[in-house]
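Each remark here refers to the structure printed beneath this line.
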Amino acid sequence: MNTIDFQNEQDAERRAGLHALLAFSAMALAFWVVNATSIIMEEARDGESFNAWKAWFLEGSSTVYLLILCWIAVGPWERRFPLGGASWTRWLPAHIGGALVFSLLHVTAMGVTRDALYPVLFNTDYHFFENPLQTFIYELRKDVLSYVSVLLTLTGFRTIEWHRLEAAAARTEARTHHRVNLKCGGRVMHLAASDFSSARAAGNYVEARFGTRQHLARMTLNQLDQLLREAGVDSVRVHRSWLVNRDMIAQTAPTGEGDVTLTLSNGETVPGSRRYRDRLEAA
């Protein structure tokens, strides 16, 4: 791996972590507002005399420490043991232990803060640790959900960044070496772009013919078209589901109502739609 590739991967990792933690922070703050206002509304509905600031303080003392731990602990721990890593026997126990430690730290910090500040702010004791085991089990259920949410968010944003890196690398490969990289199952096929003749959309895949072989790759026709153009191939969309190499079109025959049938130089026939005639006829 060269220095540029390494730097790009590091930048992608930082972006994924930052975006994921910002997204989770936004969700956590939203839950703070919803939970606090729900407590206030319930007390008002029951006709109880209630200081609304208590709700903001109680929910806030949980949210603040939740965010601090996510930023300084869960993020670095997830980078060390990413989901779907080399072996689940390594990352699964690491995150079970991580969730327990995360919850223990969260509950302890939240409880100490509430017991220390509640009498100062509201002139009454709080007694968070009156039944510590029951309290920890109660909070653990919510903390595990928060922990898993952070893991999944980090994994999702990292996947997005890695797909962007792969797409950028594929475009560079096409421009510099005139090759098209297709991910076919667990393999990556490195194909000479000049061998491309046609491709057909097949759900979330394309069936692309290069030379005498056909390859099933997970991508869209637009993505393949972009790669081919980067590699210098004059590809053209002739149908909603078909892409062809313009230089290989040997014959165009009308079929009625503006549609056509294209015959390629390798003998292959491809349907052409009237909706794409302007592209086909363009110089």
Condition first: under 28 Å from the mean Cα position of the chain (by Cα) and not assigned by TED's automatic domain parsing to the domain that holds Arg164. Can you find one or more residues in the stretch 232-242 that meet it? yes
Is there any pair with a first residue in the stretch 177-190 that is under 19 Å from His163 (Cβ atoms) and in contact (Cβ under 8 Å) with a residue 12 or more places away in the chain and a second that is part of a loop (DSSP other than H, G, I, E, B) and not basic (Lys, Arg) whose Cβ atoms are under 9 Å apart and which are 6 or more apart or on different chains, and what are they? Val180/Ala231; Val180/Val233; Leu182/Met219; Lys183/Met219
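For the stretch 176-222, enumerate the residues that are of a type in the set (S, T, N, Q) and either touching an Asp or Glu at 6+ places or on another chain (Cβ under 7 Å) or at pLDDT 95 or above (or both). Show your work before the answer.
So in the stretch 176-222, the residues of a type in the set (S, T, N, Q) come out as 176, 181, 194, 197-198, 204, 212, 214, 220, 222.
Those that are of a type in the set (S, T, N, Q) and either touching an Asp or Glu at 6+ places or on another chain (Cβ under 7 Å) or at pLDDT 95 or above (or both): Asn181, Ser197, Ser198, Gln214.
Please note which helices (runs of 4 or more DSSP H) are completely contained in the stretch 20-138 and include at least 1 residues that are within 29 Å of Leu152 (Cβ to Cβ) and over 32 Å from the mean Cα position of the chain (by Cα). Show your work before the answer.
Values: elements: 52-69, 75-80, 88-122.
Qualifying helices (runs of 4 or more DSSP H): 52-69, 88-122.
Any chance the stretch 130-150 includes a residue that's under 19 Å from Ala12 (Cα atoms) and at pLDDT 90 or above? It would help to see each step written out before you state the result.
Step one: filter the stretch 130-150 for residues under 19 Å from Ala12 (Cα atoms), giving 150.
Going one step further and asking which of them are at pLDDT 90 or above, we end up with 150.
Within the stretch 130-150, one or more residues are under 19 Å from Ala12 (Cα atoms) and at pLDDT 90 or above.
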For the stretch 43-56, state whether one or more residues are modelled with pLDDT of 90 or more and in contact with a Ser or Thr (Cβ under 8 Å, 6 or more places away or on another chain). yes
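Count, please, the residues in the stretch 132-159 that happen to be farther than 15 Å from Phe24 by Cβ and aromatic (Phe, Trp, Tyr).
The qualifying residues number 2.
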Failed item in (1) at positive phi; (2) touching a helix residue (DSSP H, G or I) at 6+ places or on another chain (Cβ under 9 Å); (3) in the same structural domain as Thr263 (by TED's automatic domain parsing), with His127 passing the rest: (3)
Answer yes or no as to whether Ser149 is surrounded by 15 or more Cβ atoms within 10 Å (Cβ to Cβ), touching a residue at least 60 places away in the same chain (Cβ under 8 Å) and outside the structural domain of Gly84 (by TED's automatic domain parsing). no
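Each row is one residue, and each column tells you yes or no for (1) within 30 Å of Gln10 (Cβ to Cβ); (2) of a type in the set (Lys, Arg); (3) surrounded by fewer than 17 Cβ atoms within 10 Å (Cβ to Cβ).
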position: Trp53; (1), (2), (3): no, no, yes
position: Trp56; (1), (2), (3): no, no, no
position: Ala94; (1), (2), (3): yes, no, yes
position: Val112; (1), (2), (3): no, no, yes
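The values are calculated or read from the model by the stated rules, or taken from the named source; none is laboratory data. Note that the structure is predicted; figures quoted are calculated from it, not measured. Glycine also receives a Cβ, built like all others from the backbone with ideal geometry; neighbour counts cover every protein chain displayed.
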